[in-house]
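Colleague: This is the structure I want to talk about, given as structure tokens.
The values are calculated or read from the model by the stated rules, or taken from the named source; none is laboratory data. On a predicted model such as this, the values are computed, not experimentally measured, just so you know. Ideal geometry is used to build each Cβ from the backbone, glycine not excepted, and the neighbour counts take in all protein chains shown. Note: areas computed on protein heavy atoms with side chains; ligands, DNA, RNA excluded. Shrake-Rupley method; radii C 1.70, N 1.55, O 1.52, S 1.80 Å.
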Amino acid sequence: MSERVLMKGNEAIGEAAIRAGCLYYFGYPITPQSEIPEYMAKQLPQRGGVYLQAESEVAAVNMVYGAAACGVRSMTSSSSPGFSLKQEGISYIAAAELPCLLVNVQRGGPGLGTIQPGQADYFQATKGGGHGDYRLLVLAPNSVQEMFDLTILGFELADKYRIPALLLADGALGQMMEAVSLEVSLQAKPEKQWAVTGRRGRVEPNVVKTLCFDQDTLEEHNRSLQRKYKLLEQQEVRYEELYTEDAELILVAYGISARLARSAVMQARAKGLRVGLFRPITLFPFPEEALFQLTAKNTQAFLVVELSSGQMIEDVERVTRRQKPVHFHGRTGGNIPTVDEIYDQIVQIMNKGGN
Amino acid sequence: MEEKIFAITEGLLDTPTHYCPGCHHGIVHRLVAEVITELGVLDKAILVEPVGCSVNAHQYFNMDAVQAAHGRAPAIASAVKRVHPDAVVFTYQGDGDLAAIGCAEIVHAALRGEKFTTIFVNNIIYGMTGGQMAPTTLEGQTTATSPFGRKVEEAGSPMRVSEMLATLDGAKYLARVAVNTPAHLTKAKAAIKEAFTRQLRGDGFTMVEVLATCPTNWGMTPVKANAFVDETMTQVFPLGIIKDKENC
């Protein structure tokens, strides 16, 4: 019998992490993700792990850097303002090619903003919020089940590619409760011969570092990182399509927005409108090819739905090469678009023949 | 018959360092490496190196190492020690790294009683970036960013880090030493050995502050810089055991 429980999204992340073998959590409380550190504080000591509340988000992410350098699965989580503070450490973790899981349960910004949900950290997540040329593997769940599943996947892919994975969720997903199947089938973990352990009989010391004084060596390191990102684009793209086969209007949305967009699409279909949904699950690598393919179908236009002033729209326009009009519907400030709002816009666009 | 009477310690790699003439980093490296070797824990030693002149200390220490961002070494060491509780973990940090940008990290590592050792090399100036004012810079001292001398009313008084950390229960052993004379060097090695011994016992946070020279940025000869440690630095930063609290 499958193990199925009712859980909050934030708790599902915590449980998934532990089941993925992450026994080291470092964090700092911030709403609306505090259930993650609270869950870890309660569970990890009982399950052979370490929970450490850092003095700041800056320290927390550097603790992850230290633990990941030792070769163990470790994670931190935060919400938008706190996640900004982590950017310094994330750049270092990316440079050192350390596998770990980062979680951003986004809220409205900029600044302190609000504790209500937001999706305005898309640029920061997918384009590199810290300094230097680097990318994170960015996974965007849209249900509590996916909070669980993508947490597991995040750890596995992080280890496979030696890259920090980012679970980009939002306050709505973090706080909502849904039934979750807790079944996990883990892949064999790769050997981490580079890990810092103390030499323990090894002749050559292992060193995890990010400084590279020689410009040619650093350039080669950057090239190597870019090759890895290219490999991710070839091998790890994930997305979901709904009714895109005959759709004249395709909604593009991720995370909580995709849940609302899906309801609007169902409402439109019930009225006989040929509308579909394209949902990126990996935001980096962005499902470029799959989305571009949709421009060649019946598609008259795209409609991007986000909890921001329009960030992913830039990727949608880039990827579709503006072959079809790209419309946008977004709410900010912690507001969430209603299904009716989205449906009304669908009708409006279709009445104008996509323009 | 030739007899080798002085050899490089196994704790160091046999390679020339990049440090300036008269700089104390080489001496401090040697003392730390000797202590770790003599304690028989080289095989489980982990260095967390800082930003600053000793940013590439792993090129000299014969042990596993993690390079930290500015000031963050104590946070990294906290995690490393918790992953490898049986390892001997130490941060090696300068005063800009530890007392300014990384002040929160060292205070909270000490507060938590993290069971690693910090080697705090205090040369009252930012060395690698070219001689700017540090929190430990002396009153009236001229630096690249205090060209008219450090003014207390603008920049505050020199920070006495060891005394500050001594107020925290998690800090078990804090000593301030110098390496400018053979006598000081002997005491410095004893303090470093005590700090690591305490760590091996699982006591709590231990730190040895080493008053060090930076002849290049001080604009002094190495000999004059060594004299300056005794004549001026120790007046503000007195040598000795700052805190010695038995845990067991």
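Colleague: For the cross-link pairs A:192/B:193; A:189/B:81; A:209/B:115; A:209/B:44; A:228/B:115; B:151/B:187, which exceed 27 Å when the distance is taken from alpha carbon to alpha carbon?
Modeller: In this structure, A:192/B:193; A:228/B:115; B:151/B:187 exceed 27 Å between Cα atoms.
Colleague: Also: Roughly how many Å is it from the Cα centre of the stretch B:122-166 to that of the stretch A:120-192, as a whole number?
Modeller: 44
Colleague: Would you work out if the stretch A:105-211 is rounded, prolate or oblate? Take a ≥ b ≥ c from the square roots of the eigenvalues of the alpha-carbon gyration tensor; rounded if a/c is under 1.5, else prolate when a/b is larger than b/c, oblate otherwise.
Modeller: Oblate is the answer for the stretch A:105-211, as a/c is 1.5 or above yet b/c matches or exceeds a/b.
Colleague: Shape call for chain B from the C-alpha gyration tensor, a ≥ b ≥ c root eigenvalues: rounded (a/c under 1.5), prolate (a/b greater than b/c) or oblate?
Modeller: Oblate, since a/c reaches 1.5 and b/c is not below a/b.
Colleague: Round to the nearest 10 and report in Å² the accessible area of residue A:147, as given by a 1.4 Å probe over the protein chains' heavy atoms.
Modeller: Accessible surface of residue A:147 is approximately 0 Å².
Colleague: For the ranges B:173-183, B:202-212, what's the packing order if you count other beta-carbon atoms within 10 Å of each residue, average per peptide, and put the highest first?
Modeller: B:202-212, B:173-183
Colleague: Now for a different question. Give me the angle, in degrees from 0 to 90, between the Cα long axis of helix A:9-19 and the longest principal axis of the Cα atoms of chain A, rounded to the nearest 10.
Modeller: Approximately 40 degrees, to the nearest 10.
Colleague: Moving on to the next point. What value, in deg cm²/dmol to 500, does the helix sum -39500 (n - 2.57) over DSSP H runs of n ≥ 4 give at 222 nm once divided by the residues of the protein assembly as shown?
Modeller: -10500 deg cm²/dmol
Colleague: Rounded to the nearest 5, what is the percent of antiparallel bridges among the DSSP beta bridges in the stretch A:4-235?
Modeller: Among the beta bridges of the stretch A:4-235, antiparallel pairing accounts for roughly 25 percent.
Colleague: In terms of modelled amide H atoms, which long-range or inter-chain residues lie less than 5 Å from the amide H of residue A:252?
Modeller: Residues meeting the criterion, in which the H sits 1.01 Å from N, are A:278, A:303, A:304, A:305.
Colleague: Per residue of the stretch A:267-279, what does 6.51 cos²θ - 1.76 cosθ + 1.60 with θ = phi - 60° give for ³J(HN,Hα)? Whole Hz please, x for Gly and Pro, Karplus curve as stated.
Modeller: Whole-Hz 3J(HN,Hα) from phi for the stretch A:267-279: 4, 5, 4, 4, 8, x, 7, 8, 10, x, 10, 10, 10.
Colleague: Straight-line reach from residue A:42: which aspartates and glutamates have a Cα under 13 Å away, not including same-chain ones fewer than 8 places off?
Modeller: Residue A:42 reaches A:11, A:15.
Colleague: Kindly express, to the nearest 10 degrees and within the range 0 to 90, the angle between helix A:215-235's C-alpha long axis and the longest C-alpha principal axis of chain A.
Modeller: 50
Colleague: Another question, if that's okay. So, by mean Cβ neighbours within 10 angstrom, what's the order for A:120-129, A:285-294 with the highest one leading?
Modeller: So the order, starting with the most tightly packed, is A:120-129, A:285-294.
Colleague: Taking N as the number of residues in the stretch A:275-319, what is its Cα Rg relative to 2.2 N^0.38 Å?
Modeller: With N residues counted in the stretch A:275-319, Rg over 2.2 N^0.38 Å equals 1.12.
Colleague: Between the stretch A:205-279 and the stretch B:178-248, how many Å separate their Cα centres?
Modeller: Computed from Cα coordinates, the inter-centre distance equals 54 Å.
Colleague: Taking θ = phi - 60°, what integer Hz values does the Karplus form 6.51 cos²θ - 1.76 cosθ + 1.60 yield along the stretch A:342-355, in sequence order, with x for Gly and Pro?
Modeller: Running phi through 6.51 cos²θ - 1.76 cosθ + 1.60 with θ = phi - 60° gives 5, 4, 4, 5, 4, 4, 4, 5, 5, 5, 8, x, x, 9 Hz.
Colleague: Normalised radius of gyration for the protein assembly as shown, please: alpha carbon Rg relative to 2.2 N^0.38 Å, two decimal places.
Modeller: Dividing the Cα radius of gyration by 2.2 N^0.38 Å gives 1.10.
Colleague: By DSSP, what percent of the beta bridges with both residues in the stretch B:25-244 are antiparallel, rounded to the nearest 5?
Modeller: Beta bridges within the stretch B:25-244, antiparallel portion: roughly 20 percent.
Colleague: Taking Cα centroids, how far is the stretch B:13-45 from the stretch A:286-355 in Å?
Modeller: Using only Cα atoms to place each centre, the spacing works out to 61 Å.
Colleague: Nearest 5 is fine: what % of DSSP beta bridges in the protein assembly as shown come out antiparallel, could you say?
Modeller: About 25 percent, rounded to the nearest 5.
Colleague: FRET efficiency for residue A:221 and residue A:295, Cβ-Cβ distance as r, R0 = 41 Å, nearest 0.05?
Modeller: According to the calculation, E is roughly 0.65.
Colleague: Would you mind giving the mean number of other chain beta-carbons within 10 Å of the Cβ of each residue in B:94-105, as a whole number?
Modeller: Partner Cβ neighbours, averaged per residue: 1.
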